[in-house]
Amino acid sequence: MKARRRLYSRVAVASAIACSSALAGSGVAHAEDSATSMPVSFKPAQRTVDAYAVFGDGAASRGGDMHWRAYEVGFGDAVTDHLSVFVAYLNEGHPTDHHRDGFAALGAFRWPIGERVALELSAGPYFSMDTTHVDNDTRNEKRWGMRASAAVRYYLVPNGFFLKLQYNHVQMIDGFNSDAVLFGIGSDFGGDPSPVLSDGKTQVSVWAGTSQTNRPQVPMEKGYMVEVKRPIDNAWAYSASLIYEGNNGVAGRRGGAAQVWYVAPLKGGWTLSAGVGPYLSYDRDESSSKTRLNALLSAQATYQMTKDWAAAVRFNRVASGNDKDQDMFMVGLARNF
């Protein structure tokens, strides 16, 4: 009972951070509306995208030290001068017999201190996938929790590149918790108000790369994908894809997926995006229930080479329900129509 009360109290604290960030951001917005004498750098017509990557070490309440393999990458929109929303991929390092990572949706409140320093608090739901062992069998455990952090940014270039020192706390429901200190870099980018792939266009892409089942001593295979994507606006898109994951004797899946994408087009031709959706697959190596509904989570960086052609790199995570999670690192070529 005491452990459960501690769990609920920590989740409540993390939730309070997120709520406080939202309320504070709202309060700042009202204050800016009424105080016309204050300098305001944020312009709603201009989109600002933050991106960062941090690396470090920490410890888990089960499995111990992370062995300096913890890292986080993320990107998102600055809604106001103080409030941002992010998506992030978090890898919690390698505590003994636990390789846990996942994706988080975060709300962040940032408070500038002078021209170069800013404090940041963030929190949000975290979907994790942990490769571990139960009774000597490999498991890919899925759990929901909360990822909360406190960070300091030091801007090397005002409104541009910054150094970031970040403390993370992960609180899981019916799972182990973790803490880490991370350090890295990031930047504020100007959003592209008129991206090449805009409403009314269709993008067709072909992909190839590696495909690895998250189990020990399973060989790496080649994976392929064909995708059709259409933007909803400058921030959202949807796609349909056909996927072949290879066949390593443990997983031989292929199937079709549909995803919704959060898209952040940057000035200079780059676009960052993250997608999630259902993936209906057929597994020739499964003895029973060969057809299954999985989840497909993706992160992608795209460079627009010309008006019609783009090159991209992507990370796909297939979250399965039968301990056969799959990682696919792919490169792609896309054509806009």
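The values are calculated or read from the model by the stated rules, or taken from the named source; none is laboratory data. If you're wondering where the values come from, they're calculated on a predicted model, not measured in any experiment. Don't worry about glycine lacking a Cβ; one is built from the backbone with ideal geometry, like all the others, and counts go over all protein chains shown. Quick note on the areas: whole protein, heavy atoms, side chains included, nothing else; ligands and nucleic acids left out. Shrake-Rupley method; radii C 1.70, N 1.55, O 1.52, S 1.80 Å.
Structure notes:
- Residues in the stretch 142-162 that are open to solvent by 30 Å² or more (accessible area, probe 1.4 Å) and under 20 Å from the mean Cα position of the chain (by Cα): LYS142, ARG143, TRP144, ALA150.
- When restricted to residues that are more than 11 Å from GLU245 (Cα to Cα) and open to solvent by 50 Å² or more (accessible area, probe 1.4 Å), the stretch 206-222 contains 5.
- Filter result for the condition that a residue is of a type in the set (Lys, Arg) and buried (at least 17 other Cβ atoms within 10 Å of the Cβ), over ARG139, ARG110: ARG110
- Any hit, the stretch 24-35, residues being modelled with pLDDT of 90 or more and open to solvent by less than 20 Å² (accessible area, probe 1.4 Å): no
- Residue match in the stretch 223-233 (condition: basic (Lys, Arg), open to solvent by less than 40 Å² (accessible area, probe 1.4 Å), under 24 Å from the mean Cα position of the chain (by Cα) and closer than 22 Å to ALA312 by Cβ): yes
- Count - residues of the stretch 113-127 that are surrounded by 21 or more Cβ atoms within 10 Å (Cβ to Cβ) and within 22 Å of GLY275 (Cβ to Cβ): 3
- The stretch 252-337 holds strands (runs of 3 or more DSSP E) entirely within its bounds, and those carrying 3 or more residues that are without any contact (Cβ under 8 Å) to a residue 60 or more places away in the chain and under 26 Å from LYS201 (Cα atoms) map to 253-265, 270-283, 291-304, 309-319.
- Any pair with Cβ under 6 angstrom, 6 or more apart, that starts in the stretch 237-250 at a residue that is in contact (Cβ under 8 Å) with a residue 40 or more places away in the chain and ends at one that is of a type in the set (Ser, Thr, Tyr) and open to solvent by less than 40 Å² (accessible area, probe 1.4 Å): GLU245/SER211; VAL250/THR213
- Residue check for LYS201: in contact (Cβ under 8 Å) with a residue 12 or more places away in the chain and more than 18 Å from the chain's Cα centre (by Cα): yes
- Remark: pairs (first residue in the stretch 59-83, farther than 30 Å from LYS267 by Cα and open to solvent by less than 20 Å² (accessible area, probe 1.4 Å); second residue among the hydrophobic types (A, V, I, L, M, F, W, C) and in a loop (DSSP other than H, G, I, E, B); Cβ separation under 7 Å; 6+ apart in sequence or on different chains) = ALA60/MET66; ALA60/PHE176.
- Scanning the stretch 160-176 for residues being modelled with pLDDT under 95 and in contact with a Ser or Thr (Cβ under 9 Å, 6 or more places away or on another chain) gives a total of 4.
- Where strands (runs of 3 or more DSSP E) fall wholly inside the stretch 136-227, the ranges with 3 or more residues that are among the basic types (Lys, Arg) and over 24 Å from THR302 (Cβ atoms) are 137-155.
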